[in-house]
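Report on the following structure.
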Amino acid sequence: MTKASEVTSAEGVTVEAPTSRNGKICYLEIPAPEPRRSAEFFERVFAWNIRFRDSDRPRFDDTTGQVSGAFVTGRVPDPEPGILIYVMVADLASSAEAMVAAGGSIVLAPGRYGGEALATSLDPAGNLLGIYEEPGLATTPR
């Protein structure tokens, strides 16, 4: 049974119901010349829920169900830091290894920068993204 603050997706995944607030980031479009390859990368590395995986525009929901989006063609991937998105992870080193194993490449090696545990990588399409290790996340119940 789900709690009032949870929803179940069409795929049967139960997540926290999205919080609706003015200014909340809710949707991302990630440039991807090969959308299915990009979808597989984010699914393998971050366990994102992939919807419409066999389409030319696979959609995703992050592990919280709070942010969704799509992998889109017709845009150039961006390897330069402009707006840089960081994905929260429980283990920086193993997440960086997973990124490489799934076809990404490390740009900024995992380490402590300004007191934060960070790394950056290019996804298989060539987009720069970061990972941030949240202290205590590995022991937080899902």
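What follows draws every value from the coordinates through simple rules; no lab data is involved. All values derive from a computational prediction rather than experimental measurement. All Cβ positions, even for glycine, are placed from backbone atoms using ideal geometry, and neighbour counts span all protein chains on display.
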Next item on the list: Take VAL107, VAL76 and order them by how many other Cβ atoms sit within 10 Å, fewest up front.
Entry: VAL76, VAL107
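For segment 13-84, compute Rh as the Kirkwood radius over C-alpha pairs and then the Stokes-Einstein diffusion coefficient at 37 °C and 0.692 mPa s; write the answer in µm²/s, rounded to an integer.
The Stokes-Einstein estimate is 254 µm²/s.
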Next item on the list: Mind listing the long-range amide H neighbours of LEU28? Cut-off is under 5 Å, sequence gap 5 or more, other chains count too, H placed in the peptide plane at 1.01 Å from N.
Entry: SER68, GLY69, ALA70
Next item on the list: Provide the per-residue ³J(HN,Hα) series for segment 117-128, in order, calculated from phi with Karplus coefficients 6.51, -1.76, 1.60 and θ = phi - 60°, each as a whole number of Hz, with x at glycine and proline positions.
Entry: 8, 9, 7, 10, 8, 9, 6, x, 7, x, 7, 7
